[in-house]
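Structure record follows, encoded as structure tokens.
The values are calculated or read from the model by the stated rules, or taken from the named source; none is laboratory data. Everything numeric in this text was worked out from a predicted model, so none of it was measured. Backbone-built Cβ (ideal geometry, glycine too); neighbour counts: all protein chains shown.
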Amino acid sequence: MAGEVFESEKSQSRYADTRWDSNRAKPAPGSEVPVILDGGPPAYWWLDHYPRLAERAQELGMVDIIQRPGDTIFVPSGWWHATLNLPESSEDVTVACTRNIFPAETLDFVFPEMKKSDPAFARAFLEILQEKRPELMRFLPAASETSKPELVGEDPSWQLPRRHFSSLSLAECRRRFIRPKQPLIIEGLDPYLVSPETCHLSRDFLSRHFGEKMVAVFRNFRDPKQRDAEDEMEVMRLSQALSQLQRGGCEGLYLYDVSLPLKLPGLLEYLKLPRYFTHCYLQQTMRPHCFSKSWPTLFIGSAGSQARLHVDQWHSHFWMHLISGRKRWSIWHPEDTHLLCPEVLPGKVFPRFPDLSDLEAGKNGADGFHQARRIDVILEEGEALVGCSGCLSRLRSRSSSVPIFGHGGHFS
């Protein structure tokens, strides 16, 4: 083994007393010190990179340890480490056991990293912690409580109310919101829509259960000026897409409108659709058709990913339940569509619209754009947005987000 090797007793003491600063563990761009390798046999790391690290051991706070039978090594949180098995000459293998531990005293350091790595799992973990061990919440910074308005929108003729499902019957939902084409946010559905086993569809859960499924991944949704014909799409395993999302640096990555019945049917076992959305004629026809199994669909978007200004096909109602993350929605009144300069291209059925920034700047002859009735709202985790027939919408992920989406064929 190259580099200085400390004896077992001395190395344990040195290992425990040496503090590896998390900032030092992340080299500057262009540094010769590799920290994270993507793929390749682990032996390459020891052959190609370990010798260079060993030369800078004192500078990096690096130590070498030989662990012998009966030794136990404790690695504090935040320490980078690597292991190499060295069987005795009379044996062929090494046998050891390990366990990741999460002491309460490390919550302030570990939980932010957990949230960054897998926001959905972090949310599920926090809910369990609040229920089972509320006294440990003192180790976390207090979350700021912000009250949400019960009614969003300044124009009385175009507003978006918030209602908790416990006070909203199916009959009232249809009478006051669906039939009059009134958009709505429904709160409190999350515990009943998604199985707790999924940890809010965490990245780890999706990778373990559906990681080998092939999905289409778009990469240009961050640029609203791109047109449909210019969408940059790549087919890859779901686990690969989630891994890129977890590593960061993937602005614009978007799993867009992935049909669960067609692409991820196993995921439907963990979902229960609210009764407000289950009566859909698209799924109740006598004979099957090309849209019989199109919805519900799954979206997974990185921070900054977005959908351009559009109106849903057939001018049907739609719903979107946000499982994790945040999404900013802009919704315009259906009667004001003409103020947003729609254009139907030859051979097409559905209109397309100019870029929102151009409309806001008065370009494309959009002099009356600012007269259009508009609602801007941020959809939070656990909320479901019900959009009315024919309304125009534009959405942008404020953080990495996972929503479930569906159409309501019976609404229109």
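Residue check: L345 meets all listed conditions (1) buried (at least 16 other Cβ atoms within 10 Å of the Cβ); (2) farther than 29 Å from Q283 by Cβ but one, namely (1). Being surrounded by fewer than 18 Cβ atoms within 10 Å (Cβ to Cβ), aromatic (F, W, Y) and either modelled with pLDDT under 90 or not in a loop (DSSP other than H, G, I, E, B) (or both) is a property that does not hold for F411. Could you check, for the stretch 377-393, whether at least one of its residues is assigned to a strand (DSSP E or B), closer than 16 Å to L309 by Cβ and not hydrophobic (A, V, I, L, M, F, W, C)? Yes, the stretch 377-393 has at least one match. Count of the stretch 178-202 residues, restricted to those that are over 20 Å from the mean Cα position of the chain (by Cα) and over 20 Å from I378 (Cα atoms), is 4. Note on the stretch 211-222: residues that are under 17 Å from L298 (Cβ atoms) and at pLDDT below 70 total 1. Scan the stretch 69-127 for residues that are of a type in the set (K, R) and surrounded by fewer than 10 Cβ atoms within 10 Å (Cβ to Cβ) and the total you get is 1.
Restricting attention to the stretch 223-252, and to residues there that are touching a helix residue (DSSP H, G or I) at 6+ places or on another chain (Cβ under 6 Å) and buried (at least 18 other Cβ atoms within 10 Å of the Cβ), which single residue is modelled with the lowest pLDDT? Per the stated criteria, the residue is C250. Within the stretch 169-186, no residue satisfies the criterion of being buried (at least 18 other Cβ atoms within 10 Å of the Cβ) and either outside the structural domain of W332 (by TED's automatic domain parsing) or without any contact (Cβ under 8 Å) to a residue 60 or more places away in the chain (or both).
Being in a loop (DSSP other than H, G, I, E, B), of a type in the set (S, T, N, Q) and outside the structural domain of G301 (by TED's automatic domain parsing), is that true of even one residue in the stretch 62-76? Within the stretch 62-76, one or more residues are in a loop (DSSP other than H, G, I, E, B), of a type in the set (S, T, N, Q) and outside the structural domain of G301 (by TED's automatic domain parsing).
Within the stretch 273-291, residues that are in the same structural domain as I178 (by TED's automatic domain parsing) sit with their Cβ atoms under 6 Å from residues that are modelled with pLDDT of 85 or more, at 6+ positions apart or across chains, in these pairs: P274/L189; R275/L170; Y276/C173; F277/W319. Every condition in (1) in contact with a helix residue (DSSP H, G or I) (Cβ under 8 Å, 6 or more places away or on another chain); (2) part of a loop (DSSP other than H, G, I, E, B) is met by Q130 except one, and the failing one is (2). The single residue among R52, R99 that is out of contact with any Pro (no Cβ under 6 Å at 6 or more places or on another chain), on the phi < 0 side of the Ramachandran plot and not in a helix (DSSP H, G or I) turns out to be R99. The residue list H333, H321 contains one member that is crowded, with 21+ Cβ neighbours inside 10 Å, at pLDDT 90 or above and out of contact with any Leu (no Cβ under 8 Å at 6 or more places or on another chain), which is H333. Farther than 22 Å from D108 by Cβ, at pLDDT below 90 and either out of contact with any Lys or Arg (no Cβ under 6 Å at 6 or more places or on another chain) or assigned to a loop (DSSP other than H, G, I, E, B) (or both): does that describe A28? The answer is yes for A28. Determine whether S316 is farther than 19 Å from D376 by Cβ and surrounded by 19 or more Cβ atoms within 10 Å (Cβ to Cβ). So S316 fits the description; yes. When the test is whether a residue is touching a Gly at 6+ places or on another chain (Cβ under 7 Å), under 21 Å from K181 (Cβ atoms) and among the hydrophobic types (A, V, I, L, M, F, W, C), F318 passes it.
Starting from residues that are part of a loop (DSSP other than H, G, I, E, B) and among the small types (G, A, S), keep the ones in the stretch 296-351 and report whichever is nearest to K272 (Cα to Cα). Here the answer is G325.
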